[in-house]
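Accompanying notes for the structure given below.
The values are calculated or read from the model by the stated rules, or taken from the named source; none is laboratory data. The model shown is predicted, which means the values in this text are computed figures rather than measured ones. Note that each Cβ is placed from the backbone with ideal geometry, even for glycine, and that neighbours are counted across all protein chains shown. Only protein heavy atoms, including side chains, enter the accessible area calculation; ligands, DNA and RNA are left aside. Shrake-Rupley method; radii C 1.70, N 1.55, O 1.52, S 1.80 Å.
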Amino acid sequence: MAKASLFFSFCSTLMAAVFAYSASVQLNDLDWYFWFPLYACASLVNLVNWAISSKTIVRQIAKVTILLGIFLFLKVVIEGFVSGKTGFWSLDLSERVAREKTGSGLVIISLILHLEASSEPKQSSSRKDGNKKGFPTCVEYGMAILVTFSFGLPFIFFVVKNGEMRFDQGILEK
């Protein structure tokens, strides 16, 4: 694995903070036992991005968390489709289904980027010796886009549009 750049590490730290906050607000949910581990593991992997190599436990945690993220993403997409509250591409953060879909999608993308960053470097044909071991630029840009989206979407929704979160009545009554 090539050494992570300072920029990638900074972006990973910001994503770790987002996921840690997300984990902390899940504790009052009815299905916290799904969402808390998802966000907590994603925060851990982003926080220790320097420790991911091809043979570490952190890489295994990332893989299991991706599987949990995919399961929860599909669960929320199906739930949104059945209830008719949100469409697949909806980013209306006032709806719980859209927030959960966006959160699980962010976890999946973030951890895929970390696994790609920790994979063995591919040999490049641009050098004669074939030993280009630089950090993947697409991973750096992907993480920067993810951070921008993670901080930009809530800012636009809650500050610019003055959005308010709605909760399902069934959840509050239980």
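Residues of the range 77-92 that are of a type in the set (A, V, I, L, M, F, W, C) and either open to solvent by 90 Å² or more (accessible area, probe 1.4 Å) or in contact with a Leu (Cβ under 9 Å, 6 or more places away or on another chain) (or both): Ile78, Phe81, Val82, Phe88, Trp89, Leu91. One residue stands out among those in the range 1-27 that are open to solvent by 80 Å² or more (accessible area, probe 1.4 Å) and of a type in the set (A, V, I, L, M, F, W, C): the one that is nearest to Val64 (Cα to Cα), which is Leu27. Residue-level check: of (1) at pLDDT below 90; (2) out of contact with any helix residue (DSSP H, G or I) (no Cβ under 6 Å at 6 or more places or on another chain); (3) more than 19 Å from Ala23 (Cβ to Cβ), Arg96 misses just (3). Beta carbons closer than 8 Å, at least 6 apart along the sequence or on distinct chains, pair a first residue in the range 151-163 that is at pLDDT 80 or above with a second that is part of a helix (DSSP H, G or I) and of a type outside the set (Lys, Arg) for Phe151/Leu14; Phe151/Val18; Leu153/Thr102. From the list Leu74, Leu111, Leu106, Leu146, the one residue that fits, being modelled with pLDDT of 90 or more and surrounded by fewer than 15 Cβ atoms within 10 Å (Cβ to Cβ), is Leu74. Only one of the numbered conditions (1) within 14 Å of the chain's Cα centre (by Cα); (2) modelled with pLDDT under 90; (3) loosely packed, with under 15 Cβ neighbours inside 10 Å is violated by Leu30, and that is (1).
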